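Remarks on the structure that follows.
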Amino acid sequence: MADQTTNGTMDLGGDLTVYRLGFGAMRITGEGIWGEPRDHDEAIAVLRRAADLGVTFIDTADSYGPFVSERLIAEALHPYPDDLVIATKGGLQRTGPGQWPPDGRPQHLRAACDGSLERLRLEQLPLYQFHRPDPKVPFEDSVGMLAELKNEGKIRHIGLSNVNEQQLDTAMRMTPIVSVQNRYSRVDRSSEAMLDRCESESIAFLPWAPIEAGRIDRDSAIGQVASAHGATSHQVALAWLLARSPVTLPIPGTGSVAHLEENQGAASVRLSPGEVAELSAAA
């Protein structure tokens, strides 16, 4: 079974200590990340099992459902364990299954933040992330609203998602940024420079789509390492992310208890420096 302690912890913003293998709560919703889950009881069981396995960081967003993921988290886990950090995101609209138009208007972000507070039954959001820059809204206006909400005490720490380094620089000039969530995995290294930047700035890097199951399952290099460790390819993909940098905080998601347990088992897979280097070079 998973041993979260083997990969150590990180301090988000210097004061929120979490284990470095979290849980992404996007897939506890319906198909197309739209509506209620097919099996409500299974979704609740996944969240409670994550807590039982020692997960102390859950990532969600108001757009997951929309609103469904946040509501289920509160239903399953409130009142929350003292060590549980719930991160959510705002900045997208949902117009239908699989549709994610950005909305970075300050008034939308304020309303989104208030809605997340209510659904999650929190007085303050530990980590609130701008889900995606909106090309129709000046980036500074969106970040400025998050800084305002932080000053009001509604947000403890601010994070960004789906951003480039220039946008990170802009935000950091305006307010402290404690995390960046971009797409990244062993087979999708498009945010390699951003990860290196986060490491140099001591900013947490949350890789979304950390497994890329369809591609990982055909990855012979990962398959060989998995066989050597008696692990699955998915576990090795996550273990590589944990070994890649001390600031990575993978958030694999699922709507299945069995799949959750498999993913969290990655916490106990210890790759050698040579295996890490081999997997890094082979991608």
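Whole angstrom only: what separates the Cα centroid of region 215-246 from the Cα centroid of region 81-101?
28 Å
Could you work out what % of the accessible surface of region 17-78 is carbon and sulfur, using a 1.4 angstrom probe and leaving DNA, RNA and ligands out of the count?
Details: 1060 of 2260 Å².
Taking all protein chains in place, region 17-78 shows 47 percent carbon and sulfur surface.
Mean separation of Cα pairs under 8 Å and 6+ residues apart, divided by the residue count of the chain: what relative contact order is that in percent? Could you put the intermediate results ahead of the total?
Values: 560 pairs, mean separation 55.3, N = 283.
It rounds to 20 percent for the chain.
In nm, to one decimal, how far is the Glu165 label point from the Glu36 one, both placed 7 Å along Cα→Cβ?
So the label points at Glu165 and Glu36 sit 4.8 nm apart.
Please give every one of the aspartates and glutamates within straight-line cross-link reach of Lys154, meaning a C-alpha to C-alpha distance under 17 Å, and leave out same-chain neighbours fewer than 8 residues apart.
Once the sequence-local aspartates and glutamates are set aside, what remains near Lys154 is Asp15, Asp62, Glu70, Asp114, Glu118, Glu123.
Taking a spot 7 Å from the Cα of Gln93 along the direction of its beta carbon, which residues of region 136-158 have an amide N less than 19 Å from it?
Residues passing the 19 Å test: 136-139, 141-143.
For Asn162, what residues show an amide H to amide H distance below 5 Å, using hydrogens built from the backbone and excluding near sequence neighbours?
The answer is Gln181, Asn182, Arg183.
Compute the accessible area per residue over the chain, keeping the other protein chains in place, probe 1.4 Å, unit Å².
Working: 11410 Å² over 283 residues.
Dividing the accessible area of the chain by its residue count gives 40 Å².
Of the candidates Gly13, Gly98, Gly214, which one comes out as most mobile in a Gaussian network treatment of the chain with C-alpha springs shorter than 10 Å?
Among Gly13, Gly98, Gly214, the largest GNM mean-square fluctuation belongs to Gly214.
Binning at 5 Å from 0, report for region 93-219 what percent of all alpha-carbon pair distances ends up in each bin.
In order of increasing distance, the bins hold 2, 10, 19, 20, 20, 15, 9, 4, 1, 0 percent.
If I compute Rg/Rh (Cα atoms, Kirkwood Rh) from the structure I just sent, which labelled value in (1) 0.92; (2) 1.00; (3) 0.95 lines up?
Matching entry in (1) 0.92; (2) 1.00; (3) 0.95: (3).
Would you mind telling me which residue in Ser202, Ser63, Ser190 has the biggest mean-square fluctuation in a Gaussian network model of the chain, where springs connect alpha carbons within a distance under 10 angstrom?
Ser190
What ³J(HN,Hα) values, in whole Hz, does the Karplus curve 6.51 cos²θ - 1.76 cosθ + 1.60 give for region 47-59 when θ = phi - 60°, with x put for Gly and Pro?
So the Karplus estimates, Gly and Pro as x, are 4, 5, 5, 4, 5, 4, 7, x, 5, 10, 9, 10, 10 Hz.
Could you check which residue among Pro81, Pro126, Pro101 shows the biggest mean-square fluctuation in a GNM of the chain with a 10 Å Cα cutoff?
Ranking Pro81, Pro126, Pro101 by mean-square fluctuation puts Pro81 first.
Quick check: net charge around Glu75, other residues with Cβ under 15 Å of its Cβ, Lys/Arg +1 and Asp/Glu -1?
-1
If I model a spin label as a point 7 Å beyond the Cα along the Cα-Cβ vector, how far apart are those points for Lys136 and His259 in nm?
It is 3.3 nm.
State the extension gain, in nm to one decimal, for the chain segment bounded by Ser280 and Ser220, taking 0.36 nm per residue of separation less the distance between their alpha-carbons. The partial results should precede the final answer.
Working: separation 60, 0.36 × 60 = 21.60 nm, distance 1.34 nm.
Value of the extension gain: 20.3 nm.
Taking the dipole about the Cα centre of region 61-196, with the C-beta of Lys and Arg at +1 and of Asp and Glu at -1, give me whichever of Pro66, Leu149, Ala112 is farthest to the positive side.
Pro66
Give me a comma-separated list of calculated 3J(HN,Hα) values for region 76-92, in order, Karplus coefficients 6.51, -1.76, 1.60 applied at θ = phi - 60°, integers in Hz, x for any Gly or Pro.
So the J values, rounded to whole Hz, are 7, 10, 7, x, 6, x, 4, 9, 8, 10, 9, 9, 10, 9, x, x, 10.
Do the sum for the chain: with -39,500 (n - 2.57) for every DSSP H run of n ≥ 4, divided by all residues, what is the mean residue ellipticity at 222 nm, to the nearest 500 deg cm²/dmol? Display every interim value, and only then the final one.
On the way: 11 runs with 115 residues, N = 283.
-12000 deg cm²/dmol, from helical runs alone.
Report, to the nearest whole %, how much of the accessible area of region 127-276 belongs to carbon and sulfur atoms, 1.4 Å probe, protein only.
Working: 2740 of 5740 Å².
Here it works out to 48 percent.
Go ahead and run the numbers for FRET between Gln107 and Glu199, Cβ-Cβ distance against an R0 of 41 Å, rounding to 0.05. Numbers along the way, then the final one.
Details: r = 35 Å, r/R0 = 0.86.
E between Gln107 and Glu199, to the nearest 0.05, is 0.70.
The values are calculated or read from the model by the stated rules, or taken from the named source; none is laboratory data. Because the structure is predicted, anything quoted here is derived from the model rather than measured. All Cβ positions, even for glycine, are placed from backbone atoms using ideal geometry, and neighbour counts span all protein chains on display. Keep in mind that these areas ignore ligands, DNA and RNA; they rest on the heavy atoms of the full protein, side chains included. Shrake-Rupley method; radii C 1.70, N 1.55, O 1.52, S 1.80 Å.
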